[in-house]
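**Q** Just passing along the structure, written as structure tokens.
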Amino acid sequence: MERWNSNKSSELYGVSEWSGGYFGVAENGDMMVMPEPGAIDRAVSIHQITTGIRERGLDMPVLLRIENILDSQIKSLNETFQASMQELGYRGAFMGAYPIKVNQQQQVVEKITHFGSRYHHGLEAGSKAELIAAMGMLRDKNAVLICNGYKDEEFIDLGLNATKIGFNCILVVEMPDELPLIIERAKHLNAKPILGIRLKLTAQAGGHWAESGGERSIFGLNTRQVIQAVDLLKEAGMLHCLKMVHYHLGSQISNIREIRSAVNEACKVYAGLAKEGADVAYLDLGGGLAVDYDGSHSNFLSSRNYSLNEYCTDIVEAVMTSLDEEEVNHPTIITESGRALVAYYSLLLFNVLDVTRFQPEPLPAKLPEDGPPQLEYMMQALQSLTIRNIQEVFNDIIFYRDETRRLFQHGQISLRERSVAEQIFWKTLNEISRLAKDVKHLSADLADLDQILSDFYYCNFSVFQSLPDSWAIGQLFPIMPIHRLDEEPNRKAILADITCDCDGKIDQFIDKRGVKRYLPLHELKPYEEYNLGVFLVGAYQETLGDLHNLLGDTNVVTIRILDNGEYEFVSEQEGDTVADVLSYVEYDPKRLFIKFRNTAEQAVQSGKITAQERREIVQMYEAGLRGYTYFER
Ligand SMILES: *Cc1c(COP(=O)(O)O)cnc(C)c1O
């Protein structure tokens, strides 16, 4: 048999399918990250970075950002659109606008405006807070600043004032009632607004966020309301302010057909508005550009059935075809891609703390005397097992196991007898699972056996804090070890986090065909840390997460890979301390400390501890307040 090697690991975890060219496995078994797709000459070992982080005194879990990847993703979105336009002879331009909600962290938005400036990549804000952040961050007056979301007077005034000081700020009418207020405030502030209209399209997209688009979508104007808006603007002498048509179908649209049909519909409205006399110049297609998390290249929820190139070409072509028919000028195409820009740029690193193995112990040489007959039947089932009767033995063993449990509850068999029954049960399941490998068509019950017999790997992170979409909507992310990939991973595992919540686990993993019920992992080695990475977590995971069990923000480290293939630490942000998370839920850590010290003093008074012991205990409490919320070494 051929020895295991890193190529086999790469194949096993589907790395080249989901990595976007940014990740790979080195011959020595280390997971590598590259600054640009396929830049093997500048690949850096993630395992080495992790060691470096440890040496600098930061504990796991750590969110690692590689800023070159963000740079590269912005570049490829802009340049792929530009190339498609050039190739097809499009008479208009492309402009991107990053939607702040996808990852609002200052560091992220700052980098996007920095790397995006050479393409005039703008920002999209969906609330007052996001607009205020955007107005502070965006320097480039040629870039667009798009205001979506439900707007009150203050939001509208902020947007109008942004226009007055020179921002290319587009106020998008999301609800019919917003327009009269916008007209009134524009007159009051003597501002010339740039307006957009959000459409409610009939085209619907599938996926988790299907409700964002379609006629039943919450936001947007239907055709009747669009016409009313046109009339209102005409009446106010402001129809020339209407510059943009906008829609957003939803995020992670995995089917290119849905993208195309929405573009077609929006173009018809765009042409209609041009004919009504509006001075339209922008067509904003919202977000939706998907990420192939599972690498299946399909229209599965965690995937997409198109490449970036097809996405751009299909959109440009659809806009051209549609508007040429209507003899309307080609608009500047805007997209608000968020997920696709930032997902690849962050990964979550954590260590494994402990493992529970579901491995049967050797059976007793002899069954207990005068034991219940069920034990005998279970032994017979086990001994009769062959590849031809696995389903039958499986059914029998479950039946008798349930019966022994029932008898135990009625006091008819002893604790020791029941424990023997469980032992035979697990032994039999293991044997069945071993034989089932060679069976072509397994029943659903038997197909689940791999999961039932998987080990639990207890990992130093919180699903609720760091991977909320995994918990809330079953989103799949690529997960794998970041080292030892030249060794065969011969255990099957389910991951449990440290929240002690029964939902705090990951038991669904990416697979080229559907979903895998376990993750192949290595056995732990004594005294050696075993580290896993969850990849493509840059979008939506950071602020949707919550403080379940008061596990807070993780440490965040950003690196930059240099031209010579070395790398530098650009920034280190320490995660929340215990005092931080307590103050988020309204505790006053100082008061807690004083109260605790009093409690300890009472223990001294009543002779339970000495004054010296009090000092140590109080010091420990204080260090706890200052410490990390995760498991520390
Ligand atoms: C959420 C959102 C986006 C981002 O969508 P992605 O699929 O992450 O690119 C864009 N535009 C609007 C209006 C949104 O609400």
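**Q** Output the residue which, of all residues in the stretch 103-131 that are small (Gly, Ala, Ser) and outside any strand (DSSP E or B), is surrounded by the fewest Cβ atoms within 10 Å (Cβ to Cβ).
**A** Out of the qualifying residues, it is Ala129.
**Q** Are there any strands (runs of 3 or more DSSP E) wholly within the stretch 140-200 with 1 or more residues that are under 18 Å from Gly96 (Cα atoms) and modelled with pLDDT under 95, and if so which?
**A** none
**Q** Could you please find all residues in the stretch 238-258 being among the hydrophobic types (A, V, I, L, M, F, W, C), within 13 Å of the ligand (Cβ to nearest atom) and under 22 Å from the mean Cα position of the chain (by Cα)?
**A** Hits for the stretch 238-258 are Leu249, Ile253.
**Q** Within the set of pairs 6 or more residues apart or between chains, which connect a residue that is over 20 Å from Arg198 (Cα atoms) and within 15 Å of the ligand (Cβ to nearest atom) inside the stretch 125-146 to a residue that is open to solvent by 30 Å² or more (accessible area, probe 1.4 Å) and among the polar types (S, T, N, Q) with Cβ atoms less than 6 Å apart?
**A** Close Cβ pairs satisfying both conditions: none exist.
**Q** Could you figure out which of (1) of a type outside the set (A, V, I, L, M, F, W, C); (2) open to solvent by 40 Å² or more (accessible area, probe 1.4 Å); (3) under 31 Å from the mean Cα position of the chain (by Cα) isn't true of Pro368?
**A** (3)
**Q** Here is a check on your reading of the model: is Val342 within 16 Å of the ligand (Cβ to nearest atom) and open to solvent by less than 40 Å² (accessible area, probe 1.4 Å)?
**A** So Val342 passes the test.
**Q** Taking the condition of being touching a helix residue (DSSP H, G or I) at 6+ places or on another chain (Cβ under 7 Å), among the aliphatic types (A, V, I, L, M) and part of a loop (DSSP other than H, G, I, E, B), how many residues in the stretch 276-289 meet it?
**A** Matching residues across the stretch 276-289 total 3.
**Q** If the requirement is being at negative phi and either touching a Leu at 6+ places or on another chain (Cβ under 7 Å) or in contact (Cβ under 8 Å) with a residue 60 or more places away in the chain (or both), which of these qualifies: Leu442, Leu415, Leu446, Leu453?
**A** The unique qualifying residue is Leu453.
**Q** Ok, one more. What pairs come out if I take residues in the stretch 391-408 that are closer than 20 Å to Ala447 by Cβ and pair them with residues that are crowded, with 17+ Cβ neighbours inside 10 Å and aromatic (Phe, Trp, Tyr) whose C-beta lies under 7 Å away, six or more apart or interchain?
**A** Ile397/Phe425; Arg401/Phe425
**Q** State all residues of the stretch 447-467 that are outside any strand (DSSP E or B), open to solvent by 10 Å² or more (accessible area, probe 1.4 Å) and over 30 Å from Ala340 (Cα atoms); if no residue qualifies, say none.
**A** Result: Ala447, Asp448, Asp450, Gln451, Ile452, Leu453.
**Q** Could you tell me which residue of the stretch 537-550 is modelled with the lowest pLDDT, considering only residues that are open to solvent by less than 10 Å² (accessible area, probe 1.4 Å) and either away from the ligand (no atom under 16 Å from the Cβ) or under 20 Å from Ala496 (Cα atoms) (or both)?
**A** Here the answer is Gln541.
**Q** Quick check on my filter: what residues within the stretch 354-390 are of a type in the set (Asp, Glu) and without any contact (Cβ under 8 Å) to a residue 60 or more places away in the chain?
**A** Glu369, Asp370, Glu376
**Q** Considering (1) out of contact with any helix residue (DSSP H, G or I) (no Cβ under 7 Å at 6 or more places or on another chain); (2) more than 29 Å from Arg198 (Cβ to Cβ); (3) of a type outside the set (Phe, Trp, Tyr), say which one Leu363 fails and leave the rest.
**A** (1)
**Q** Hey, another quick one. Could you list all residues from the stretch 156-177 that are within 16 Å of the ligand (Cβ to nearest atom) and buried (at least 20 other Cβ atoms within 10 Å of the Cβ)? Show your work before the answer.
**A** Going residue by residue through the stretch 156-177, those that are within 16 Å of the ligand (Cβ to nearest atom) are 159, 169-175.
Within the stretch 156-177, Gly159, Cys169, Ile170, Leu171, Val172, Val173, Glu174 meet the criteria.
**Q** Something else: Would you confirm whether or not the stretch 580-599 contains a residue that is open to solvent by 70 Å² or more (accessible area, probe 1.4 Å), part of a helix (DSSP H, G or I) and closer than 30 Å to Met31 by Cβ? Talk me through it step by step, then tell me what you get.
**A** Of all residues in the stretch 580-599, those open to solvent by 70 Å² or more (accessible area, probe 1.4 Å) come to 584, 586-588, 590-591, 594-595, 597-599.
Next, from what is left, pick out any that are part of a helix (DSSP H, G or I): 584, 590-591, 594-595, 597-599.
Filter once more, so that each one left must be closer than 30 Å to Met31 by Cβ: none.
Checking the stretch 580-599: not a single residue is open to solvent by 70 Å² or more (accessible area, probe 1.4 Å), part of a helix (DSSP H, G or I) and closer than 30 Å to Met31 by Cβ.
**Q** Something else about it: How many residues, within the stretch 55-84, are basic (Lys, Arg), under 21 Å from Val557 (Cβ atoms) and modelled with pLDDT of 95 or more?
**A** Residues that pass the stated criteria total 1.
**Q** In the set Gly288, Gly277, Gly338, Gly272, which member is closer than 30 Å to Ile49 by Cβ and at pLDDT 95 or above?
**A** Gly338
**Q** Shifting gears a bit: How about the stretch 290-315: which of its residues are open to solvent by less than 10 Å² (accessible area, probe 1.4 Å) and either away from the ligand (no atom under 16 Å from the Cβ) or not in a loop (DSSP other than H, G, I, E, B) (or both)?
**A** Within the stretch 290-315, Asp294, Gly295, Tyr311, Cys312, Ile315 meet the criteria.
**Q** Out of all the residues in the stretch 60-102, which are outside any helix (DSSP H, G or I), open to solvent by 30 Å² or more (accessible area, probe 1.4 Å) and either within 16 Å of the ligand (Cβ to nearest atom) or in contact with a strand residue (DSSP E or B) (Cβ under 8 Å, 6 or more places away or on another chain) (or both)? Working first, answer last.
**A** Within the stretch 60-102, the subset outside any helix (DSSP H, G or I) is 60-66, 89-99.
When the remaining residues are screened for being open to solvent by 30 Å² or more (accessible area, probe 1.4 Å), the result is 89, 91-93.
Hits for the stretch 60-102 are Gly92, Ala93.
**Q** So Ser470 ticks every box in (1) open to solvent by 40 Å² or more (accessible area, probe 1.4 Å); (2) away from the ligand (no atom under 16 Å from the Cβ); (3) part of a helix (DSSP H, G or I) but one. Which box is left unticked?
**A** (1)
**Q** Then there's this: Within the set of pairs 6 or more residues apart or between chains, which connect a residue that is within 16 Å of the ligand (Cβ to nearest atom) inside the stretch 316-339 to a residue that is open to solvent by 30 Å² or more (accessible area, probe 1.4 Å) and outside any loop (DSSP other than H, G, I, E, B) with Cβ atoms less than 7 Å apart?
**A** So the pair list comes out as Ile334/Tyr282.
Conditions (1) surrounded by fewer than 22 Cβ atoms within 10 Å (Cβ to Cβ); (2) closer than 19 Å to Ser346 by Cβ; (3) hydroxyl-bearing (Ser, Thr, Tyr), marked per residue:
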| site | (1), (2), (3) |
| --- | --- |
| Glu2 | yes, no, no |
| Ser16 | yes, no, yes |
| Gly29 | yes, no, no |
| Gly38 | yes, no, no |
| Ala43 | yes, yes, no |
| His47 | no, yes, no |
| Thr50 | no, yes, yes |
| Glu55 | yes, no, no |
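**Q** Which of the following residues is modelled with pLDDT under 95, outside any loop (DSSP other than H, G, I, E, B) and surrounded by fewer than 17 Cβ atoms within 10 Å (Cβ to Cβ): Arg388, Arg416, Arg406?
**A** Result: Arg416 is the single residue among Arg388, Arg416, Arg406 that is modelled with pLDDT under 95, outside any loop (DSSP other than H, G, I, E, B) and surrounded by fewer than 17 Cβ atoms within 10 Å (Cβ to Cβ).
The values are calculated or read from the model by the stated rules, or taken from the named source; none is laboratory data. Please read these numbers as outputs of a predicted model, since none were measured by experiment. Heads up, the Cβs are rebuilt from the backbone with ideal geometry, glycines too, and the neighbour counts pull from every protein chain shown. Only protein heavy atoms, including side chains, enter the accessible area calculation; ligands, DNA and RNA are left aside. Shrake-Rupley method; radii C 1.70, N 1.55, O 1.52, S 1.80 Å.
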